[in-house]
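Asks: Starting off with a structure, shown below.
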Amino acid sequence: MPVQCASEWTSGEKSKFSREGFGLMRALSSWFNPAMTEVLERWSERIESLLDEVCSASVSSPTGESPPAVELRGRRIARWNEACLELLSACITVVVDGEWRMSLAAVMGKQLDLYKDYPDEKAFLLRCLGTALSKIALKSFVVDHLMLMFKSAQHHIPAERQGCARGVGACAVTHTDLVLVELENVSKWEHAKRSSGFFGFIKEAMPIRQYTDTEMVLLRASLMLSYGYVVQACALDTITQRLQQTIIAFLRNYFANSKQETVVREAMLETMRLIAMAVHPSRLPGEYRFEARNELIGYIKDYVQSETPEMLSSSLRLLAAKAAAALVRLEPPLTDDETWDLGCVLTQYILPMCREKSGLKTVSEVYVATASISSNTWLHYCHIRDAVVWLAYDLFDYASTSISSFTSTSSSSRAMKKLTFFEGRFYIVYLGKPNASPR
């Protein structure tokens, strides 16, 4: 899509080039396909509104009563990208010519190499290709281009891993069973690489270049992440069956190994979070209970406890907290013992007591605002599940989106409440100036 914003552009450049790109699409729409003209005209007003939003530093409240809030630029760009993908899907849907659809996807595939030095843009193109593949009925074409996505992605770059996985998920919207089969085939590349002797010919037959051991690890991370987005794409009437019979049974072989490389464990944690979100009661009809929920929580605790406690923070701990928060929201509620056990792991390994570290002024910013809370008092302090959700998710969602501004002047006036565990007791800790009132 020529209307996507490049990450390096300034706000003015993004607005200028994106508007020019969309204008070009409208002008040439009848040449692309006459059916697209009406779609682009219908989207014109929405695109203009989104461009104003993505290039602005603030977002007004829906009612207009409160002052506009400063929003992270990444979130605005994410909404813009989603809208571009919706527009692409709408344009392809109105064109019923299968050959036209395949030619569009083929061109996208050929352009992947042009973005080797632009990982964010290439990641978006991979998602566009996955969206286009979801509209194509010829299975052999879809399979070939799924393999092209894995072959073209630079798996050592997080943005491209994410783009590949999300592109695979987009394709799975209409080709779920086909995608699941191909993902299993991708997993066999690693085993074929290790083969020798008479069966060594398998390596020569692999539809991909030969990976080094390090590259294979990174490919495995992309594979794990792909499963999470495939689950998100599954139809609601088949998601539970596919999870129980195919997806969890396959992933369990990887989840159970807590000694895997950090990048793979991070991908698995994100996949756990995506799975939990996909089977949340608000999405599924009836009362569905995810039987593997406690099993996944056990894996999360293993991953967290394998991290070195000397680190002040890490992305793996952040992803573990988010995955735990998503899983504990599922039915049935955790028991008191399960809650206490998970809470102890999260606080002991994810929230180390404040300490001085080069470049971080933590001690001067943190103070204990209440006395210790015993275990019984804490269980009555608020609902058990909500306590873990608050601990695991709210804190680390804030940390992941605001860490760059944590030490800035503007953020120092905002108190942040946290829970930590020390010598058998829980403590409520506030981050901010001592005179700031807690939320």
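Asks: Scan (1) surrounded by fewer than 20 Cβ atoms within 10 Å (Cβ to Cβ); (2) in contact with a Phe, Trp or Tyr (Cβ under 9 Å, 6 or more places away or on another chain) for the single condition L138 breaks and write down its number.
Replies: Among (1) surrounded by fewer than 20 Cβ atoms within 10 Å (Cβ to Cβ); (2) in contact with a Phe, Trp or Tyr (Cβ under 9 Å, 6 or more places away or on another chain), L138 violates only (2).
Asks: Residue check, L85 against (1) at pLDDT below 95; (2) among the hydrophobic types (A, V, I, L, M, F, W, C); (3) assigned to a helix (DSSP H, G or I), all met but one. Which one?
Replies: The failed condition is (1).
Asks: For segment 292-320, name all the residues that are in a helix (DSSP H, G or I), of a type in the set (G, A, S) and at pLDDT 90 or above. If you could, list the steps in order and put the result at the bottom.
Replies: Going through segment 292-320, the residues in a helix (DSSP H, G or I) turn out to be 293-305, 315-320.
From what's left, of a type in the set (G, A, S): 298, 315, 320.
Across segment 292-320, the qualifying residues are G298, A320.
Residues checked against (1) under 17 Å from the mean Cα position of the chain (by Cα); (2) crowded, with 23+ Cβ neighbours inside 10 Å:
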{"position": "L269", "(1), (2)": "yes, yes"}
{"position": "L274", "(1), (2)": "yes, no"}
{"position": "L284", "(1), (2)": "no, no"}
{"position": "D302", "(1), (2)": "no, no"}
{"position": "E307", "(1), (2)": "no, no"}
{"position": "A320", "(1), (2)": "yes, yes"}
{"position": "E338", "(1), (2)": "no, no"}
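Asks: Go through the residues of segment 141-152 one by one and say whether even a single one is in contact with a Pro (Cβ under 7 Å, 6 or more places away or on another chain), assigned to a helix (DSSP H, G or I) and either of a type in the set (A, V, I, L, M) or surrounded by fewer than 20 Cβ atoms within 10 Å (Cβ to Cβ) (or both).
Replies: Yes: segment 141-152 contains one or more residues that are in contact with a Pro (Cβ under 7 Å, 6 or more places away or on another chain), assigned to a helix (DSSP H, G or I) and either of a type in the set (A, V, I, L, M) or surrounded by fewer than 20 Cβ atoms within 10 Å (Cβ to Cβ) (or both).
Asks: Now a separate question. Filtering segment 112-124 down to residues that are under 17 Å from the mean Cα position of the chain (by Cα) and of a type outside the set (D, E), which residue is farthest from C84 (Cα to Cα)?
Replies: P119
Asks: Could I ask something else about it? Here are the criteria: (1) modelled with pLDDT under 95; (2) surrounded by 14 or more Cβ atoms within 10 Å (Cβ to Cβ). Tell me which single one L126 does not satisfy.
Replies: Against the list (1) modelled with pLDDT under 95; (2) surrounded by 14 or more Cβ atoms within 10 Å (Cβ to Cβ), L126 comes up short only on (1).
Asks: Step by step: first the residues of segment 251-267, then only those that are within 24 Å of R329 (Cβ to Cβ) and without any contact (Cβ under 8 Å) to a residue 60 or more places away in the chain, then the one that is nearest to the chain's Cα centre (by Cα). Which residue is that?
Replies: By that ranking, first place goes to E266.
Asks: List every residue pair whose Cβ atoms sit under 8 Å apart, with the two residues 6 or more apart in sequence or on different chains, where the first one lies in segment 109-123 and is free of Cβ contacts under 8 Å to residues at least 60 places away in the same chain and crowded, with 19+ Cβ neighbours inside 10 Å and the second, anywhere, is of a type in the set (D, E, K, R) and not in a helix (DSSP H, G or I).
Replies: K122/K116
Asks: With respect to the numbered conditions (1) at pLDDT below 95; (2) in contact with a Phe, Trp or Tyr (Cβ under 7 Å, 6 or more places away or on another chain), which one is the sole condition not fulfilled by I247?
Replies: Only one criterion in (1) at pLDDT below 95; (2) in contact with a Phe, Trp or Tyr (Cβ under 7 Å, 6 or more places away or on another chain) is unmet by I247, namely (1).
The values are calculated or read from the model by the stated rules, or taken from the named source; none is laboratory data. Worth saying up front: this structure is predicted, and the values here are computed from it rather than measured. Note that each Cβ is placed from the backbone with ideal geometry, even for glycine, and that neighbours are counted across all protein chains shown.
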